[in-house]
Amino acid sequence: MLRFAPSPTGDMSIASLRIAIINYLVSQQKNDQFLVRIEDINSKKNIEGKDTEVMMLLEKFALKHNAVFHQTEHLNLHQTLALRLLKDGKAFVCKCTEEELETEKKSAKENSLTYQYSGHCENLTTEEYDLLKVSGEKFVIRIKKPTKTITYNDLIQGNQRANPDEIDSFIILDSESKPTHNFACAADDMMGNVNFIIREDKHLINTPKQIHIKNLLGYEDETKYAHISSLKNNDESSSLTWLFKEGYIPDAILNYLLLLGNDKATKEIFTLPEAIEWFELESLGKSPASFDITKLQFINREHLKMMDDRELSTLFGFADADIGKLAKVYLKECSTINELEAKIRPIFKPKDFSGEFGESMQILSELIFQAPAFETFDKLKEHLSTKSGLKDDTLINPLRQLLTGTGSGPELSEIYPYIKSYILEVAS
RNA sequence: GGCCCCUUCGUCUAAUGGUUAGGAUCCAUGGUUUUCAUCCAUGUUAUAGGAGUUCGAAUCUCCUAGGGGUCACCA
């Protein structure tokens, strides 16, 4: 079982999307299940609607999941498991106040030491615990730190180890009886039998803690870990929202994200099904890659070239393969949907006859309205030339302005076949 | 500050002790094109720095520098 565990606390980042893609891809390679878990246990940070937004994005990238749930649905389960650890003496009640802990942390920092829990409440008796419950005084539950060093092998980062002091006796149930991230995460991975965890490398530090939790809960199945190195510049300019707004398409973004840090790609331009064939999780690089928009532009253009003509035309409000073909001519100078739109729209807009070529444009427009339909641009050109007396530059320049609304662009003979059925609309 | 990770053209990367350090992208130049672009051709640009091991180091070791992560009742 593989899983993607986003938290609904903001817009999905490309780094997060990359993790989702890789999880899905590996699940396909292993013919395994892919689970989506919305990590919404921190109600303060949750943003309304971000969970459905994530699901819509997954769909947009064609990452199909077998199941989805919100982590808060498991509150009872988390509490039960925490109490079980308490009962088994593997966890303890801690009544240290946040202020007390804050002071300890501060002094640790001042002395340049790593903060560690003092162990103050470790030996609280059950009687004291009962009293605490009755008194209404706030308390948390901490898991007891391990007695041995925890080691594991990460498929990408190599052998990892964490000693007991690094893991520490950390909080698993907070003062409102809600599970902390590491506990909820480990518990859900265990209950869902997630045995292959692929996530961002920022979780590297959490892994030994989660292994410790699962150990104490008696989970014995082997879990494989792969922590993907993060992206260097994961900022606003590389946000998914921005990319979509700029006219980048999902296939291209997916292609690009899978290419980063990858040395197994047999070619640079590929689709998800193709990547499933050759992708090798273990060979992903450790060094953080930086997001480079110019490379994405290139990839986006290549994917637009591969897109079905008719489908492409729908992006500009048409349903005509010819318009798709027309757009592809413009791909020579464009790499995003927005750029294409900026070229195609003016073709169908009423033209401005007040400019430098206005007079000639008027003449040509009238001639086109009176003329029969011509199969090729050469025939149209010949006809217009004969009737108007214009030729070469004096013909082409106003004609380009009339047909495309702009002074430069592809050869008119190249685009004419795709616009000829709209010629009356175009030439006015 | 402790611990961990990273460093090859601007960018993504190749080269598992022996290459002229390769490819893609970007950029530049030339040719083609009645325009811009495309296309074709050509070209510039890299082993972070320093020691060591070795006949030979991008590759192994050490040091230095730079970058990142982490040390929560955040996820």
*From A:Ile396, A:Ile415, A:Ile419, which residue is farther than 15 Å from A:Pro346 by Cβ and among the aliphatic types (A, V, I, L, M)?*
A:Ile396
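Going through A:Ile198, A:Ile143 one at a time, which residue ends up being within 15 Å of A:Tyr117 (Cβ to Cβ) and touching a residue at least 60 places away in the same chain (Cβ under 8 Å)? Even if it seems obvious, please write down each step before you answer.
Numbers: A:Ile198 fails: within 15 Å of A:Tyr117 (Cβ to Cβ).
Going through A:Ile198, A:Ile143 in turn, just one is within 15 Å of A:Tyr117 (Cβ to Cβ) and touching a residue at least 60 places away in the same chain (Cβ under 8 Å): A:Ile143.
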*Under 8 Å between Cβ atoms, at least 6 apart or on separate chains: pull out the pairs that start in segment A:250-278 with a residue that is among the basic types (Lys, Arg) and end on any residue that is in a helix (DSSP H, G or I).*
A:Lys264/A:Trp278; A:Lys264/A:Ser283
*Please specify each residue of segment A:271-329 satisfying the condition of being part of a helix (DSSP H, G or I) and of a type in the set (Gly, Ala, Ser).*
A:Ala275, A:Ser283, A:Ser313, A:Ala321, A:Gly324, A:Ala327
*For A:Leu258, indicate whether it is touching a Leu at 6+ places or on another chain (Cβ under 8 Å) and more than 16 Å from A:Ser16 (Cα to Cα).*
no
*Of everything in segment A:271-292 that's among the hydrophobic types (A, V, I, L, M, F, W, C) and in contact with a helix residue (DSSP H, G or I) (Cβ under 7 Å, 6 or more places away or on another chain), which residue is farthest from A:Ala62 (Cα to Cα)?*
A:Phe291
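For segment A:65-120, how many residues meet the condition of being of a type in the set (Val, Ile, Thr), under 37 Å from the mean Cα position of the chain (by Cα) and within 11 Å of RNA strand B (Cβ to nearest atom)?
The qualifying residues number 2.
Enumerate the helices (runs of 4 or more DSSP H) found wholly within segment A:1-120, keeping only those where 1 or more residues are crowded, with 19+ Cβ neighbours inside 10 Å and free of Cβ contacts under 8 Å to residues at least 24 places away in the same chain. Working first, answer last.
Working: elements: A:14-29, A:50-60, A:75-87, A:98-110.
Correct list: empty, since no element meets the threshold.
Out of A:Thr394, A:Thr404, I need the residue that is within 16 Å of RNA strand B (Cβ to nearest atom), on the phi < 0 side of the Ramachandran plot, surrounded by fewer than 16 Cβ atoms within 10 Å (Cβ to Cβ) and not aliphatic (A, V, I, L, M). Which one? Don't jump to the end; show me each part of the working.
Working: A:Thr404 fails: surrounded by fewer than 16 Cβ atoms within 10 Å (Cβ to Cβ).
Answer to the selection: A:Thr394.
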*asked:* With the requirement that a residue be of a type in the set (Ser, Thr, Tyr) and outside any helix (DSSP H, G or I), what does segment A:356-415 give you?
replied: A:Thr376, A:Thr406, A:Ser408
*Mind counting the residues in segment A:293-325 that are within 16 Å of RNA strand B (Cβ to nearest atom) and either acidic (Asp, Glu) or assigned by TED's automatic domain parsing to the domain that holds A:Tyr416 (or both)?*
1
*Taking the options A:Lys109, A:Lys105, A:Lys90, name whichever one is more than 26 Å from A:Ala187 (Cα to Cα), out of contact with any Phe, Trp or Tyr (no Cβ under 6 Å at 6 or more places or on another chain) and among the basic types (Lys, Arg).*
A:Lys109
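Out of everything in segment A:378-391 that is touching a Leu at 6+ places or on another chain (Cβ under 8 Å) and not small (Gly, Ala, Ser), what residue ends up being farthest from RNA strand B (Cβ to nearest atom)? Quick ask: steps written out before the conclusion?
Of segment A:378-391, the ones touching a Leu at 6+ places or on another chain (Cβ under 8 Å) are A:381, A:383-385, A:387-388, A:390.
Still in the list and also not small (Gly, Ala, Ser): A:381, A:383-384, A:387, A:390.
Working: A:Lys381: 7, A:His383: 14, A:Leu384: 11, A:Lys387: 16, A:Leu390: 10 Å.
Result: A:Lys387.
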*Looking only at residues in segment A:125-153 that are surrounded by fewer than 18 Cβ atoms within 10 Å (Cβ to Cβ) and farther than 20 Å from A:Lys95 by Cα, which one is farthest from RNA strand B (Cβ to nearest atom)?*
A:Thr147
_Looking for something surrounded by fewer than 19 Cβ atoms within 10 Å (Cβ to Cβ) and either within 26 Å of A:Glu341 (Cα to Cα) or more than 14 Å from RNA strand B (Cβ to nearest atom) (or both) - is there at least one such residue anywhere in segment A:207-214?_
yes
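The values are calculated or read from the model by the stated rules, or taken from the named source; none is laboratory data. These figures come from a predicted structure and were not determined experimentally. Neighbour counts run over all protein chains shown; Cβ positions are idealised from the backbone, glycine included.
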